[in-house]
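The values are calculated or read from the model by the stated rules, or taken from the named source; none is laboratory data. Note that this is a predicted model, so its numbers are computed, not measured. Counting neighbours? That spans all protein chains shown, and the Cβs are built from the backbone with ideal geometry, glycine included. All accessible areas refer to the heavy atoms of the entire protein, side chains included, with ligands and DNA or RNA removed. Shrake-Rupley method; radii C 1.70, N 1.55, O 1.52, S 1.80 Å.
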Amino acid sequence: MELNIGVIGTGGIGRDHIRRITEVVAGARVAAVTDIDAELAGTVANQYQTRFLPSAEELIQSPEVDAVVIASWDPTHAEYVHACIRESKQVLCEKPLASTADDCRRIIDAEIAQGKKLVQVGFMRRYDKDYLSMKAAIKQGNIGAPLMVHACHRNRTHIASHTNDMTITNSGVHEIDILRWMLEEEYVSAQVLTGKCNHYAAHGLQDPQLLLLQTESGILINVEVNMASGYGYDIQCEIVGETGTVRLPDPSALQLRSEGRHGFGILSEWSQRFVEAYDNEFKHWVSDVKRGKLTGPDSWDGYAACITAEALIRARNEGTAVPISIGTRPAFYH
Ligand code: ISE
């Protein structure tokens, strides 16, 4: 039986997911779409021959929708996730799960009260084959115990409405989640260093920002989050262990030797970088929803990322190190 998915949000990532569900994922179809921009959603609905519904509430309640994808504006996520939980419908919510850690906790409480895991958070990097290989290498003991992580997250340019906090909540949040998942440890402290600003970034934007995290066993992490690198979308990650290091490979690109130079291309936009990971994420989610057992990043992971992002923002604003206490994962999420 086909899974009927309703998609909230027909902006860039929403349209990409609609295409993915329609063309890439077997056993699922887009049953309805909605967006605050009704005209846009109507056009997308026509393009994919699906139904346009005028509001997220109607879409979530529709008997024609079995499961929901939330790809709307970040501040709307929590409200729509709650509505899905009320309807007992499984939902894949793009990151961040909510705007505050308290909002995430309320989602956790509501989900536990429903008695069924319903929420997955869109941390798609966990489905990227290279991050999976890095994690396997660590687990197999190939580099000994991890000691340090050097990572960087560079966007070519930022959108006009980008803010200093979004550098952490919208971009840095991927690093927060993937490193916590890879190291299988919680963070205990956060710090942010800021220095000379890139004058190509918008006026008043603190860019780049250097995020410093420490895990419970003492692993030190630094992540450069750079919203205006000027040259491309570049994600790097190196884990230094006691006996070796492991590094995220660059995405494969044609190597060119020409005119006295040897080099390869660099992706320009973030939307090009994790296409396969998104595909895998959706394939897994659809199959999990069908067998009634979600296995991907859950509300607790969304909460852990959010509380860490909040600590980083406070650390940056106050110019100090801030302790993080994520607490114990409830048995419900084991
Ligand atoms: C963008 O908004 C995203 O959501 C991407 O996942 C992230 O990598 C990028 O830095 C953001 O600008």
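Is one or more of the residues making up region 259-267 in contact with a Gly (Cβ under 7 Å, 6 or more places away or on another chain), away from the ligand (no atom under 16 Å from the Cβ), more than 30 Å from GLN140 (Cα to Cα) and among the hydrophobic types (A, V, I, L, M, F, W, C)?
Pass one, region 259-267, residues in contact with a Gly (Cβ under 7 Å, 6 or more places away or on another chain): 266-267.
Of the ones still in play, those that are also away from the ligand (no atom under 16 Å from the Cβ) are none.
Looking through region 259-267, none of the residues is in contact with a Gly (Cβ under 7 Å, 6 or more places away or on another chain), away from the ligand (no atom under 16 Å from the Cβ), more than 30 Å from GLN140 (Cα to Cα) and among the hydrophobic types (A, V, I, L, M, F, W, C).
Go over the candidates ALA110, ALA137 one by one and state the one that is away from the ligand (no atom under 13 Å from the Cβ) and either open to solvent by less than 10 Å² (accessible area, probe 1.4 Å) or not assigned by TED's automatic domain parsing to the domain that holds LYS283 (or both). Don't jump to the end; show me each part of the working.
Numbers: ALA110 fails: either open to solvent by less than 10 Å² (accessible area, probe 1.4 Å) or not assigned by TED's automatic domain parsing to the domain that holds LYS283 (or both).
Being away from the ligand (no atom under 13 Å from the Cβ) and either open to solvent by less than 10 Å² (accessible area, probe 1.4 Å) or not assigned by TED's automatic domain parsing to the domain that holds LYS283 (or both) holds for just one of ALA110, ALA137, which is ALA137.
Looking at the structure I just gave you, is ALA110 under 19 Å from TYR278 (Cα atoms) and small (Gly, Ala, Ser)?
no
State the number of residues belonging to region 1-26 that are touching an Asp or Glu at 6+ places or on another chain (Cβ under 6 Å) and either open to solvent by 10 Å² or more (accessible area, probe 1.4 Å) or at pLDDT below 95 (or both).
Residues that pass the stated criteria total 3.
Across region 30-60, what is the number of residues that are surrounded by 15 or more Cβ atoms within 10 Å (Cβ to Cβ) and outside any helix (DSSP H, G or I)?
12
So LYS196 passes all but one of these: (1) part of a strand (DSSP E or B); (2) more than 24 Å from GLY265 (Cβ to Cβ). Which condition number does it fail?
The single condition LYS196 does not satisfy is (1).
Need the failing condition index for LEU132 against (1) among the hydrophobic types (A, V, I, L, M, F, W, C); (2) away from the ligand (no atom under 12 Å from the Cβ); (3) assigned to a loop (DSSP other than H, G, I, E, B), just the number.
All conditions are met except number (3).
Considering only region 220-247, state which residues are crowded, with 19+ Cβ neighbours inside 10 Å and outside any strand (DSSP E or B).
Of everything in region 220-247, those that are crowded, with 19+ Cβ neighbours inside 10 Å and outside any strand (DSSP E or B) turn out to be MET227, ALA228, SER229, TYR233.
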